[in-house]
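So the structure is just underneath, and the comments pick up after that.
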Amino acid sequence: MTVKKFAWLTTAMLGMTLTLSACSSDDSSQSASNDKTITVWTMSNGLDEFVKEYEDESGNTVEVQTIPWANAHDKLLTAVASGKGPDVLQIGTTWVAEFAEAGTFLDLTDYLADYENLAPENFYETAVETTQYEDTTIGIPWYVDTRALFYRTDILGEVGYPEGPETWEDMIDASRQLAARGEDQYSIDLPKSDPQFPFVLAWEQGWNYDADKGSESFSDPGFKESIELNHLFFEEGLSQTGEGKEFFQAFADGSKPMFFSGPWDIKTIEERAPEIEGDWAVHVMPAAENNTSMMGGAHLSVFHNSDNVEGALDFINWMAEPDTQLAWYDLKSELPANLDSWEDSALNEDPMISTFGEQLSATQPLPLIPEFERLGAELVNTLEQINLADADIDQAIEDYKATASRILGE
């Protein structure tokens with residue numbers, strides 16, 4: 001860790017220690033009344049009831065504390081600063097590098113062979129990559145997600161793409177026809193505030209972040225091509241620059257018959273727009289040089305100074321079982337990370353879910369660096385200047401590179 005990065009993280013943790021109370025027994029803290037109790041912090045509602053089956057099977061007690069995502073980052077910083085955390089904690093893939101560098105996690109590398117469900121080959125390869133930082137294994141994949149294209153089959157059929165666009169050239173052709181339908185008609189709202197989507201778009205143009213090059217990675221022609229592609233949709237009015245209608249309404253009435261999202265929106269559309277049943281589907285990402293999407297989701301990790309490591313690993317081993325992950329999918333619509341789970345008909349015979357399964361095989365992790373979230377936020381700001389304020393693309397990229405260099409401490 002560089003001096004600058006260490007100082008920044010130490011300051012942040014000290015600030016959280018001063019402003020938030022240290023974890024107490026009421027907070028399901030690390031200290032447990034006996035070695036049969038496993039404390040778990042999660043951002044997923046419903047886990048407290050879900051684990052009752054494990055409690056019955058194992059005889060262990062699981063104390064679950066559910067933390068809102070908005071509060072989770074600060075709470076974890078406080079736990080690292082105080083050394084008082086749970087036995088098991090959920091961690092999102094984009095937080096791995098930051099908290100691994102801070103020493104949050106117990107390295108699980110030497111434990112994997114002792115538990116039948118923890119072997120890396122049980123999971124999507126790119127999901128496993130997001131559990132690794134430098135030479136350590138920080139957790140076990142719990143559930144996975146990625147992005148794919150939701151589209152109206154009836155409306156796209158009218159412009160020649162009933163099976164959905166295969167390439168970005170198809171996307172542009174279809175989008176121009178869709179926007180030409182008249183006033184307030186668009187093709188798609190490209191994500192404007194998602195810091196992950198611009199990286200996906202850049203991967204598909206052949207770009208990749210190179211940690212050895214740092215900010216110079218953004219000089220690659222593929223990165224500029226992705227910025228230009230993104231801008232085309234706003235410049236030509238294929239995507240709306242303002243907020244407009246709520247996107248489920250726009251999808252249902254056909255004014256925006258495509259959007260990119262994750263598997264959770266399958267159930268949401270079924271519930272909120274039942275009138276279009278049979279008139280929509282999911283397609284893998286359009287391809288340029290490739291159709292790579294992001295590997296997201298969450299892992300289960302062991303806090304670095306847990307006093308119940310054996311119980312924590314036994315619980316994680318149960319959570320990693322194929323049947324357990326299928327049961328969690330049935331409850332929460334969050335896709336299993338365990339490959340054996342995908343042999344179940346509930347997943348592989350559902351055309352929309354199986355499409356996400358296909359896309360999960362064409363994914364890669366977002367840059368596994370502590371600074372990723374700040375780089376992503378700055379890239380969103382850069383795209384806003386280009387798409388909404390008509391900033392010059394070349395100059396905006398140069399400005400972004402300079403900002404990235406400062407963030408990376410170069």
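Listed values, structure above:
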{"item": "Accessible area of the chain belonging to carbon and sulfur atoms, whole % at 1.4 Å probe", "result": "45"}
{"item": "Table column - 3J(HN,Hα) (Hz), segment 382-396, Karplus curve with 6.51, -1.76, 1.60, x for Gly and Pro", "result": "5, 5, 5, 5, 6, 7, 10, 10, 6, 5, 5, 5, 4, 5, 5"}
{"item": "Principal axis box of segment 29-107, alpha-carbon based, largest edge first, Å", "result": "36, 24, 20"}
{"item": "Cα-based convex hull volume of segment 91-213 per residue, rounded to whole Å³", "result": "163"}
{"item": "Cut-off under 5 Å, modelled amide H: who pairs with Ile38 long-range", "result": "Thr61, Val62, Glu63"}
{"item": "Square roots of five times the Cα gyration tensor eigenvalues for segment 184-327, Å", "result": "34, 27, 13"}
{"item": "Debye, to nearest 20: dipole size of the chain, +1 on Lys, Arg Cβ, -1 on Asp, Glu Cβ", "result": "1300"}
{"item": "Expected-Rg normalisation [2.2 N^0.38 Å, Cα atoms] applied to segment 125-183", "result": "1.84"}
{"item": "Helix-only mean residue ellipticity at 222 nm for the chain, each DSSP H run of n ≥ 4 adding -39500 (n - 2.57), per residue, nearest 500", "result": "-13000 deg cm²/dmol"}
{"item": "Eligible lysines near Lys52 by straight Cα distance, threshold 18 Å, same-chain separation 8 or greater", "result": "Lys36, Lys332"}
{"item": "Equivalent ellipsoid, segment 174-260 (semi-axes from 5 times Cα gyration tensor eigenvalues, Å)", "result": "30, 13, 9"}
{"item": "Cα pair distances in segment 302-393, grouped into 10 Å bins until the bin that holds the longest one, percent each", "result": "13, 24, 26, 24, 11, 2"}
{"item": "Low-density loop cleavage sites - GluC sites (Glu not before Pro) in segment 107-146, where at most 13 other Cβ are within 10 Å (DSSP)", "result": "Glu116, Glu134"}
{"item": "Neighbour count of at most 14 Cβ within 10 Å plus DSSP loop: longest trypsin sites (Lys or Arg not before Pro)-free window in the chain", "result": "214-410"}
{"item": "Solvent-free Debye scattering, log10 I(q)/I(0), computed from the Cα coordinates of segment 233-391 at q = 0.11, 0.15 Å⁻¹", "result": "-0.65, -1.10"}
{"item": "Ala377/Asp114 FRET efficiency (R0 35 Å; Cβ-Cβ; nearest 0.05)", "result": "0.30"}
{"item": "Loop GluC sites (Glu not before Pro), segment 233-279, which have at most 12 other Cβ atoms in a 10 Å radius of their Cβ (DSSP)", "result": "Glu243, Glu246, Glu277"}
{"item": "Over segment 72-161 - Rg/Rh using Cα atoms and the Kirkwood inverse-distance radius", "result": "1.18"}
{"item": "Along principal axes, Cα extents of segment 283-340, largest first, whole Å", "result": "49, 27, 18"}
{"item": "Pairs of alpha carbons in segment 145-209 whose separation is greater than 19 Å (percent)", "result": "39"}
{"item": "Histogram of C-alpha separations across the chain, 20 Å bin width, %", "result": "25, 54, 20, 0"}
{"item": "Surface per residue (accessible, 1.4 Å probe) for the chain, Å²", "result": "43"}
{"item": "Dimensions (Å) - segment 206-248, Cα atoms, principal axes, largest first", "result": "43, 20, 15"}
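The values are calculated or read from the model by the stated rules, or taken from the named source; none is laboratory data. No experiment lies behind these values; they were computed from the predicted model shown. Every residue, glycine as well, gets a Cβ built from its backbone with ideal geometry; the counts of neighbours run over all protein chains shown. With ligands, DNA and RNA removed, areas are computed over all heavy atoms of the protein, side chains included. Shrake-Rupley method; radii C 1.70, N 1.55, O 1.52, S 1.80 Å.
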